[in-house]
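Engineer: Before I ask anything, let me first share the structure, which is written out below as C-alpha cells.
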Amino acid sequence: MLKKFSTLWRFLLPVLTLLAISAIALMWRQTTQQLDAIERGAKDQAQSLSRLLLVTDTLVSEQVDAAITLLKDRSATLGSPRLDGTIRLNQLELPNLKLGDTPVAASNELVDSITDLFGGTATIFVKSGDAFFRVTTNIRQADGSRALGTQLAPDGKAIRAISHGDSFHGLVQILGQPYLAHYEPITDIHGEVIGVWYVGYKIDMQVIREAVENSHYLSSGFAVVVDENQHAIFTSSHAPIEVIDEFLLSPPDDWKIVEEHLEPWDFRIVVAYPLSEAYTAGWANSILLISETTLLGLLLLAVILWQLRRLVLDPIGTDPAQAIEIVQKIADGDLRQDGLTAKSGTLMANVLNMRKKLQKTLHALQKNADDLRLSASVFEHAHDGIFITDANSQIIEVNPAFSEISGYSREEAIGKFPGELNFACNEQQFFDHLWQDAASAGDWKGESHNRRKNGESYISSLDLFVVRDDKKQVSQYVGVFSDITADKAHRENLEYLAYHDSLTQLPNRTLLADRLQHALAHAQRMHEVLAVCYFDLDDFKEVNDQHGHAAGDNLLVQFASRMRSCLRETDTIARMGGDEFALLLCGLNSVEECNLALERLLVAIHAPFDLGGISASVSASIGYTVFPSDNSPPDTLLRHADHAMYQAKLNGGRCYHLFDAEHDRFTRGQRQERERIEAALQANEFHLYYQPKVDMQHGNVVGLEALIRWQHPELGLRLPGEFLPQIENTDFIIRLGEWVILQALRQMREWQEHGLRISVSINIAARHLMQTNFAARLAELLGAYPDVSASMLELEITETAVIEDISGATQTMHNCRKLGVTFALDDFGVGYSSLTYLRRLPIDIIKIDQSFVRDMLHDTDDRALIAGIISLSREFNRGVVAEGLETAEHGVQLLRMGCNVAQGNGIARPLAADRVEQWISSYQPDKNWKQANWQLIHHPYK
C-alpha cells in the first residue's frame, strides 16, 4: 500500500506544480491582456479625435483648393503679374502690383467673386522688401473695414515657405483667428516672387472643443489637443489647461501616454491615464477567472487520481516500479525464476506466467539450433543460384535458381564437383585455391567465367561461405552466385562513356587529363618534346545556324574520324565541349616537327565535309605550348594552349600560335581590366557628368552632353579614354551604352519635374549602333520614361561607327529618327570626313572636333578646316557645334565664322547632375560675345 501511495505522489507532485505554474501564468496573461485592452481603448479614443480633426481638414481643404485654383485662373484672364511703380495704401508706399494692365489694389471685386462662390476669405499680397502686404482682401478687421495694407505675419509658417518660392497649405492664425489657408507665390516673367495669392477658411473649433472636453478615460485619465507650439488648446473638462501644460512638459513615469499626430496641422492628440488605475482594473478582471480555473483543475486532478488507482495500479497487481524491473529483466534475456508471486488475474501474474513459458521455449530453440542452421542456408525462392557441398566439395543440394542459371538440373548436380559442371572452366586449379582460401578465411568472394550446359559462356559473381560444426571443423561449403554478364557489360559501357564523348567517341576531359599525366611522365623520362594543343572550329557556328544542329553534329563526327586517321596511335585528340578540342602530340623531337604536324592538320580540317548532300568547309584556330620549354602543371599547360588559341583567333583564324608567356600576361591583364570595368557597373561606380552647350549669339543654354565618368575606389575619378578602349570591341559596351541612355532619361525626367526642360546628347559606340535590334531596344528604353520627349534626346556617333556598313547604319538611324531622336556626327574632321556620310546619313548636327578649335587662334590650317566644316554644314542644311572652346576669344572667332553653338571648358567643365540647374540659372554669356554679335549685326562686312 505504501509503494502504491509513493507512486501516486510521484505522479501528483509534478501535476500540482504544473497546475500552480499554469495558474500564475494564466493570471499574468489575463492581466497583460486587460492592460493591452485598456491601452487599445486609449488609442482608439485618440484616433477618434484625430479623425474628427482630419475630416474637418479634408472638407475645408477641398474648398480651399478649389477657391485658390479659381482665384489664379481669374487672375490669369486679366494678364501676367508685374510690378509697375508704387502706390499709396493706408499711409504705406507699396509696389504697384498689376495683372496685365489692371492694378490689383483696385480689384476687390476679384477676391469678392471667389468668396461669393466658395465662402471663406481671399487676399492678394504684394511683396515689399522681405514683407508681404494685403493690397486687396475681404478679410475684415474688428471695425468691419477691409484689412488693406496689413502685413502677413513675418514669423509665420506661410511666409517661410513663400520666401523660398514654395506654396503653403495649412492652419494659420489670421487676426487672432484659426484659418485653414492656402498661399501660392506670384512670380514675374523672370521667376522672381512679387506677391502672393491667398484663400482661407475660418475653422469652427466648437465641435472639436466639445468632443475633447467630454472625453474621459478611466477615473483620472484625460484627453488633450496640443498645437504645433506644444501648448494645450483643448482638454477634458476635468483637466485645467495650465495643469496639462505642466504635465506635458514633464510627464510622470507612472502615467501611460498615448498619442496620435495630425500631420496637416502638426497637432498632437494625447490620451493619458495613470498606470495604477489600469493595473487595478486588470487584476480585478483576472481574479475571478483564475479562481474558477484553479477550482476546476483541482476537481479534474481528483478524478484523474481516482481513475489512475482504479484503472492502472489495481490491475497491475504490484508497484509499477517492480513490474517495470521484471519486464526489463525479461527483455535483457534474464528468465531465472526468483519466487515472486502476484494476485491472479492481474498484469503482474500474467507477466510471471509469460516468463515461465519463454524459458521453456528457449530450451526448445537451443535443441533445434543445428537443424535450423542447415535449413536456413537453403533459400528455395532466392534469385541467386545456391549450391551446398560437403567437406569434400561434392554438391549435396542446389536451389531452383542454380538450375535456371547453369542449365543443370538438381539431379545432375548432386554428387558432382562444381568444376565438373563447367564452373571456372577456363581456369586451371581454380577450385584447389578456392577451397583452401575459403577454409582459412571463412569465406571467398570473386568472379568466375563459366559455361552453361548448352555451351553458352557467362560470368558469375561467386560468394563462398564455410559452415563449421561444434568442433569448428568444416562441415559444408555454401556457394551463392549470380549471372553478371549483362551487368558487367553495362558497367564497362558506362566506364567507356565516363571517359569518352558520346557524340564523337573521342576521349573527354577526364581521359585527356589522365593521358596528359602519362604523356608528361613519358616525355620527361625519354627526353622528348610534348605538344599540348587546344583548338576550335572557326566557322562551326555558321554551319549550325545555316544547316541546323543535326548537320553540325554530323560534321563533328566526320571531323573526329578524320582526325583519328591523321594522327598516330601515340597521339590523343579529345573533345572538350562544343567545337573545342585538345590534342597531345607525343614523341616529338622539336617545335618545327610540331609545326609541320599542325600545318597538315589545318589542311585536313579545311577539306570539305559532306553533310548529306551539303558541302561545308570549316577552318581551325590552334593554340599550343610545348614541354619541356613550358614546364607547367598539366592544367596550366592546357590553359596556356587555350590562351594561345585565343591569340590565333585574333590573328584571323585558320592558323596556329605558340604560347607566349609575356603576351599571355598582357592578355590576362586586359581581361582582368575588362572584368573590373564590368564589376564597376554592378557596383554603381559609374556616373554621368553633363557639359553645357550654349548659343553664343543669343546667350542661352541650348543643351547638355552626357559624359561618363568612373569613380574608382582606389584611383579616383577616371575619364572615358582611360577605360572605354578596353571594352569598345566587346558586348559589354552595349550594356554600358543602354545604362547611359537610361540614366540620362531618368535625369531628364527629374529636371523636367523641377521645371527644366533641356535636350541631352549621348555618345553611342560603333558596336552598339550596329546591333540589328538597336532601334527596337531604344524604343523600349524610351518607353520606360514616357514623360520625356524623344525629341529631347540626341545620339552622337563617330565616322568610324558607320564606315564598315554605311547602308545598315543609315537604316538604323532612319528607324531611330522615326522615334523622334536626333543624330549628331561627332569629332568631324579627324576621320575620313567623306561627303558621302553627309549626303547619305540622316545627320542633324555636325560637331567640330576640339583639336581644331583649340589651336584655331594661331593655326591658319585649323581655322581653314573649321571654316570649311561650317560651310559644309550650311550647304547640307545641318546644324554645327564647336567642341573644345577654351577662351572667350575662341567664341568671338567662331561667331565671326558663323558658328553660334559651342561647348568646352571655357564655358563650363562637365558638371555633376545636382549642379546643372544652379549653373544654368546663374549663367551669363561673355560680354565679348555680345559685342561681337552687335558688330555682326551692324557691320556684317567689316
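What follows is calculated from the coordinates using simple rules that are stated; it is not laboratory data. Fair warning: this is a prediction, and the values are worked out from it, not measured in the lab. Because the Cβ atoms are built from the backbone with ideal geometry, glycine has one as well, and the counts that use them run over all protein chains shown.
Engineer: By the gyration tensor of its Cα atoms, with a ≥ b ≥ c the square roots of the eigenvalues, what is the shape of the range 480-549: rounded for a/c under 1.5, prolate for a/b over b/c, or oblate?
Structural biologist: Judged from the Cα gyration tensor, the range 480-549 comes out oblate (a/c at least 1.5, b/c at or above a/b).
Engineer: Please pull out the direction-averaged projected area of the range 764-917, using the convex hull of its alpha-carbon atoms, in nm² to one decimal place.
Structural biologist: Convex hull of Cα atoms, orientation-averaged projection: 9.9 nm².
Engineer: If you don't mind, there's one more thing I want to ask. For the pair Arg29 and Ser807, how long in nm is the line joining their label points, each one 7 Å along Cα→Cβ?
Structural biologist: 8.4
Engineer: Round to the nearest 0.05 the FRET efficiency obtained for Arg564 and His858 when R0 = 56 Å and r is the Cβ-Cβ distance.
Structural biologist: Efficiency at R0 = 56 Å is approximately 0.20.
Engineer: 5 Å is the cut-off here: which amide hydrogens, built 1.01 Å from N in the peptide plane, fall below it relative to Thr86, excluding neighbours closer than 5 in sequence?
Structural biologist: Placed amide hydrogens put Asn96 under 5 Å from Thr86.
Engineer: Okay, moving on. How would you rank 163-174, 844-855, highest first, on the average number of other Cβ atoms within 10 Å across their residues?
Structural biologist: Top of the packing list down: 844-855, 163-174.
Engineer: Which whole-number percentage describes the relative contact order of the range 631-743, with Cα contacts under 8 Å and a sequence gap of 6 or more?
Structural biologist: 16
Engineer: Quick one: Cα centre-to-centre distance for the range 483-536 and the range 556-630, in angstrom?
Structural biologist: Value for the Cα centre distance between the two parts: 17 Å.
Engineer: Kirkwood Rh and Cα-based Rg: tell me the resulting Rg over Rh for the range 500-659, rounded to two decimals.
Structural biologist: Ratio of gyration radius to Kirkwood radius for the range 500-659: 0.96.
Engineer: Which pairs break 21 Å Cα to Cα here: Lys357/Lys472; Lys541/Lys649; Lys360/Lys472; Lys98/Lys127?
Structural biologist: Flagged as over cut-off: Lys357/Lys472; Lys360/Lys472.
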